[in-house]
Amino acid sequence: LSIAAHGHADALSLMLHLDAKPVLVDAGTYLYHSGGSVRDRLRGTAAHNTLCINGTDQSEISGAFNWRRKAVSKHLGLSETGHGIHVSAQHDGYARDYGLMCERTVSIDAAGLTVTEKLLATGDEASKPLTSISIGFLLHPKCSAKIEGAAVVVTRDGEMLMHVSAESNVSVTLESAEYSPAFGVMGSATRIVFY
């Protein structure tokens with residue numbers, strides 16, 4: 001709503017369940033008033049399953065329940081073909097500082113799930129230099145991941161769930177991340193990060 005009091009800087013974030021079990025999850029909230037910097041980190045873009053530029057947030061946090069500036073998201077379309085389904089959306093969270101709109105298309109077909117990211121120039125001059133682009137995916141704590149070549153294999157209870165890969169000019173790391181499954185509860189999980 002207007003102040004997005006419980007909002008996060010998570011435009012175009014993706015969550016995934018397979019067989020009703022969580023695989024790609026949201027980092028959660030942890031605490032409200034007493035959460036401080038931990039709450040801000042969990043509300044920030046880098047904690048979500050979406051593209052992040054220079055480690056900055058798409059929307060600007062201004063207190064425990066306020067935002068100075070909010071990214072505006074727009075649904076671009078949903079299409080079904082005989083082979084699958086595609087949904088696209090974009091947000092303007094990086095337009096002001098970097099002159100870029102973020103667009104994400106998620107496609108699901110017999111081959112699996114494909115996430116396509118585009119950065120589109122707005123035509124406005126950027127006020128800040130672009131030095132890094134990352135796309136993170138937080139795994140549920142019951143999932144494990146290991147890097148095999150240029151791809152990441154995700155398993156749960158020894159069963160392979162996903163084989164995640166990216167274009168050849170993208171590097172991948174596995175990082176430990178904060179995960180709050182419920183209010184007042186903090187744990188850790190693995191984050192897959194593509195740079």
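The values are calculated or read from the model by the stated rules, or taken from the named source; none is laboratory data. What you see is a predicted model; the values in this text were computed from it and never measured. In case anyone asks, the SASA skips ligands and DNA or RNA and just uses the protein heavy atoms, side chains included. Shrake-Rupley method; radii C 1.70, N 1.55, O 1.52, S 1.80 Å.
Quick one: among K70, K146, K128, which has the greatest mean-square fluctuation in a GNM of the chain with alpha-carbon springs under 10 angstrom?
Fluctuation is largest for K128.
Could you check which residue among L12, L31, L76 shows the biggest mean-square fluctuation in a GNM of the chain with a 10 Å Cα cutoff?
L76
Name the shape class, rounded, prolate or oblate, that the alpha-carbon gyration tensor gives for the stretch 150-195, where a ≥ b ≥ c are the square roots of its eigenvalues, rounded holds for a/c under 1.5, and otherwise prolate holds if a/b is larger than b/c and oblate otherwise.
Values: a/c = 3.64, a/b = 1.61, b/c = 2.26.
Oblate shape, in that a/c is at least 1.5 and b/c is the bigger or equal ratio.
Could you name the lysines whose alpha carbon sits less than 26 Å from that of K21, not counting residues in the same chain fewer than 8 places away?
List returned: K142, K146.
Quick one: which residues, 5 or more positions from G187 or on another chain, have an amide H under 5 Å from its amide H? H modelled 1.01 Å from N in the peptide plane, none for Pro or chain starts.
Sorted by chain and number, the residues that satisfy this are Y179, S180.
Which ³J(HN,Hα) values, rounded to whole Hz and listed in residue order, are derived for the stretch 116-131 from phi using the Karplus coefficients 6.51, -1.76 and 1.60 in 6.51 cos²θ - 1.76 cosθ + 1.60 with θ = phi - 60°, glycine and proline given as x?
Here the 3J(HN,Hα) series is 10, 10, 10, 10, 10, 5, 7, x, 8, 6, 6, 8, 10, x, 8, 10 Hz.
Hey, what do the phi angles of the stretch 161-167 turn into as Karplus ³J(HN,Hα) couplings, whole Hz, using 6.51/-1.76/1.60 and θ = phi - 60°, x for Gly and Pro?
3J(HN,Hα) across the stretch 161-167, in whole Hz: 9, 8, 10, 9, 9, 9, 4.
Restricting things to Cα coordinates, could you compute the convex hull volume per residue of the chain in Å³?
140 Å³
Is the shape of the stretch 7-59 best called rounded, prolate or oblate, per the rule: a/c under 1.5 gives rounded, else a/b larger than b/c gives prolate, else oblate, with a ≥ b ≥ c the square roots of the Cα gyration tensor eigenvalues?
Because a/c hits 1.5 or more and a/b fails to exceed b/c, the stretch 7-59 counts as oblate.
Tell me, what is a quarter of the convex hull surface for the C-alpha atoms of the stretch 114-195, in nm² with one decimal?
Average of the hull's projected areas for the stretch 114-195 equals 7.9 nm².
Which percent of the accessible heavy-atom area of the stretch 139-195 goes to carbon and sulfur, probe 1.4 angstrom?
Carbon and sulfur atoms account for 50 percent of the accessible area of the stretch 139-195.
Sorted from largest to smallest, which semi-axis lengths in Å does the alpha carbon gyration tensor of the stretch 41-146 give for its equivalent ellipsoid, taking the root of 5 times each eigenvalue?
The answer is 26, 19, 13 Å, longest axis first.
Would you please give the residues with an amide H less than 5 Å from that of G93, counting only those at least 5 places away or on a separate chain, with H modeled from the backbone geometry?
When sequence neighbours closer than 5 places are left aside, the close amide H contacts are V72, C102.
With the full set of protein chains in place, find how many percent of the accessible area of the stretch 35-118 is carbon and sulfur; take the probe as 1.4 Å.
Its accessible area is 54 percent carbon and sulfur atoms.
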